[in-house]
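Take a look at the structure below.
Taken together, the values in this text are just the output of simple stated rules run on the coordinates, not laboratory data. Here the structure is a predicted model, which is why all the values come from computation and not from measurement. With ideal geometry, Cβ positions are generated from the backbone for all residues, glycine too; neighbour counts draw on all protein chains shown.
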Amino acid sequence: MSAAEEVLVTGGAGFVGATLVRRLVASGHRVRVLDNLSTGDPVHLAGVDAELVKGDIRDADTLDDALRGMTAIIHLAAAGSVVGSVADPVANFEANVIGTFRVLDAARRGGVTNVVQASTGGALIGDATPPVSERSLPKPISPYGASKLAGEGYAHAFAKTYGIRTVAIRFGNVYGPWCARKRGVMNVYFESLHSGVPLLIYGDGTASRDYVHVDDIANALQLALENDRVPGGMVLHAASGVETTLTELADLCRRAAGKPGHPIEYRPRRAGEVGRNFASYDLAHELLGYTPTVRREDGIPRLWQWFTEEVFRDCGPPPSAAPVSGPS
């Protein structure tokens, strides 16, 4: 295991960052966060002993300044929506491909040799018979998936060319507290349950995902940061290993909210979204000691409680406009 690091966390004021930065600080690492606050929020880091710098990863000078004195990077900043990438593939490319290249190149210039970056499993691999793993052949079917595959490619190239120890962690579908600005399916379902509008299912409800709690993702990222025995260029899946269909997820959310009979509406399946997906985390377990600890039956009710206490408490019912939701 490596000693305490001086860690730059890009996108660290966002959903995953809010949990990760707390873990890193509690473990003795000194943390600086670089975030353009497009989806992040300084409130997410209130009371946390971490420096927050507002800036964009696509600006080389900003990155160079943020990296001064740092010994490691955890790269979370990204445009994370499949649907958004279909609507605006250029913006997705600029944030995810150019942004990731800028981060890696700043590490090269600054002599930083420990870089952990967030990637994705389902969107990057595309339609494949699950469980997917590091041996699955990537065939992305959305610009978002393609952008993450490009980021992994650059990380591998920088590892082999410049000796940077890069580790890409492919997330399952992450859920948990601090996610109010994320437009994932659980957020939309909880908002619908709160306001009384039907839950929307795109397709016939058999589309599936691997829903993994943010506590487990933050643990995987920290393990990858600290375990210097993992060679550069590695790609690892951090997942729950459990397949959850959209119909099952809707039922879990309805039960968590105490509204098992809440109505559901079905809409046509949307372009760019994978059918079935869940992942094996065997390699991450072998190399990092990663094992998921939060079951969906426990984590989803906990998230509903968080929404009730932190999101719905003071704002009243949200607007009843039709929500946008898929199995992302």
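Packing here is the average count of other Cβ atoms within 10 Å per residue, and on that basis the peptides 120-133, 60-73, highest first, run 120-133, 60-73.
Considering only beta bridges that DSSP places wholly inside the chain, some 5 percent are antiparallel.
Hull volume per residue, based on the alpha-carbon atoms of the range 24-79 and their convex hull, is 87 Å³. For a modelled paramagnetic label at Lys139, 7 Å from Cα along Cα-to-Cβ, the residues of the range 269-287 in reach, with backbone nitrogen under 17 Å, are 272-278. Amide hydrogen proximity for Val212: with H placed 1.01 Å from N in the peptide plane, the residues at 5 or more positions away or on another chain lying under 5 Å are Asn173, Val174, Tyr175.
Sum up the charges of everything whose Cβ sits under 9 Å from the Cβ of Thr293, counting Lys and Arg as +1 and Asp and Glu as -1, but leave Thr293 out.
Details: positive: Arg295; negative: Asp215, Asp216.
Once positives and negatives cancel, what remains is -1.
Cβ crowding within 10 Å, taken as a proxy for footprinting-reagent exposure, orders Thr247, Thr206, Thr10, Thr161 from fewest neighbours to most as Thr161, Thr206, Thr247, Thr10.
Grab the Cα-Cα distance for Asp298 and Arg229, subtract it from 0.36 nm times how many residues apart they are, and report the gain in nm with one decimal.
21.5 nm
Straight-distance candidates among the lysines for linking to Lys259, with alpha-carbon spacing under 24 Å and chain neighbours fewer than 8 residues away dropped: Lys182. Report D for the range 260-304 in µm² per second (integer): Stokes-Einstein, Kirkwood Rh on Cα pairs, 4 °C, 1.567 mPa s. Result for D is 89 µm²/s. Normalising the average separation of contacting C-alpha pairs (under 8 angstrom, six or more residues apart) by the number of residues puts the relative contact order of the chain at 20 percent. Backbone geometry of the range 220-233 corresponds, through the Karplus equation with coefficients 6.51, -1.76 and 1.60 at θ = phi - 60°, to 3J(HN,Hα) couplings of 4, 5, 5, 4, 5, 4, 8, 8, 7, 7, 6, x, x, x Hz, x marking Gly and Pro. The Cβ shell under 11 Å around Leu193 holds other residues with a net charge of +2, Lys and Arg each +1, Asp and Glu each -1.
Once the chain from Asp65 to Arg30 is taken as fully extended at 0.36 nm per residue, the excess over their C-alpha distance is 11.0 nm. The HN-Hα couplings worked out from phi for the range 40-45 by the Karplus form 6.51 cos²θ - 1.76 cosθ + 1.60 (θ = phi - 60°) are x, 8, x, 4, 4, 10 Hz, whole numbers, x standing for Gly and Pro.
Taking the Cα atoms of the chain, the ratio Rg/Rh between the radius of gyration and the Kirkwood radius comes to 0.95.
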